[in-house]
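These notes are about the structure you will find just below.
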Amino acid sequence: WMLGTSIGHFFVLLIAGSIMLSLCTLCWSLAGGNGEYSSTLNDSFWISWGLFFDPGTQTGLPPTDPAIIRFVAVLFSVCGFVYNLTLLGTMVEAIRVTLKQFKDMYSRISIREHILILGWGDKTLMLLSEL
């Protein structure tokens with residue numbers, strides 16, 4: 001019932017982001033962590049948050065980390081990148097629709113006893129001088 005509205009879209013994206021972040025936290029914890037971020041829930045959530053919302057965070061991981069850690073980091077970054085693009089696209093679309101509504105609602109001008117000349121050509125100045 002809400003999926004056809006902007007609020008419904010944001011609600012679904014919020015739920016999807018929470019689920020993905022929880023899965024990322026679980027994956028990091030199961031992967032065992034690395035020297036900087038352990039597999040505790042706090043560290044797993046923090047690195048998951050960073051990788052998910054800032055894909056550049058993965059470049060700070062040392063290349064000596066195990067392959068599973070690097071794979072998990074790349075997977076988080078890609079999922080977060082796609083999620084953020086979707087979220088921002090939805091926000092831009094909502095703003096675009098709102099601005100269009102404002103333009104349609106408030107751009108109508110009602111003026112009486114005026115003449116409107118549409119189009120500009122070589123005879124426009126002559127027409128204006130006769131008016």
Subject >> Geometric extent, Cα atoms of the chain - Rg, Dmax (angstrom) >> reply: 27.0, 86
Subject >> Relative contact order (%) - criterion: Cα under 8 Å, at least six apart; region: the chain >> reply: 20
**OP:** Give the calculated FRET efficiency between ILE68 and ILE15 to the nearest 0.05, with a Förster radius of 25 Å applied to their Cβ-Cβ distance.
**Re:** 0.35
**OP:** Could you tally the net charge around GLU36, taking each other residue with its Cβ under 15 Å from the Cβ of GLU36, Lys/Arg +1 and Asp/Glu -1?
**Re:** -1
Original post:
How far, in degrees from 0 to 90, does helix 6-31 lean away from the longest principal axis of the Cα atoms of the chain, to the nearest 10?
Top reply: 20
Original post:
Taking the Cα centre of the range 54-131 as origin and charging only Cβ (+1 Lys, Arg; -1 Asp, Glu), how large is the dipole, in debye to the nearest 20?
Top reply: 160
Subject >> Surface share of carbon and sulfur [accessible, 1.4 angstrom probe, percent] for the chain >> reply: 69
**OP:** Return one whole number: the accessible area per residue of the chain in Å², for a 1.4 Å probe.
**Re:** 76
Subject >> Counted charge near LEU61, where neighbours are those whose Cβ lies closer than 10 Å (Asp, Glu -1; Lys, Arg +1) >> reply: -1
Subject >> Nearest-0.05 FRET efficiency for PHE102 and ASP54, computed from C-beta distance (R0 22 Å) >> reply: 0.10
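The values are calculated or read from the model by the stated rules, or taken from the named source; none is laboratory data. Note that the structure is a prediction, hence the values are computed from the model and not measured. Cβ coordinates were reconstructed from backbone atoms using ideal geometry, including for glycine residues, and neighbour counts include every protein chain displayed. The area values use the complete protein model at the heavy-atom level, side chains included, leaving out ligands, DNA and RNA. Shrake-Rupley method; radii C 1.70, N 1.55, O 1.52, S 1.80 Å.
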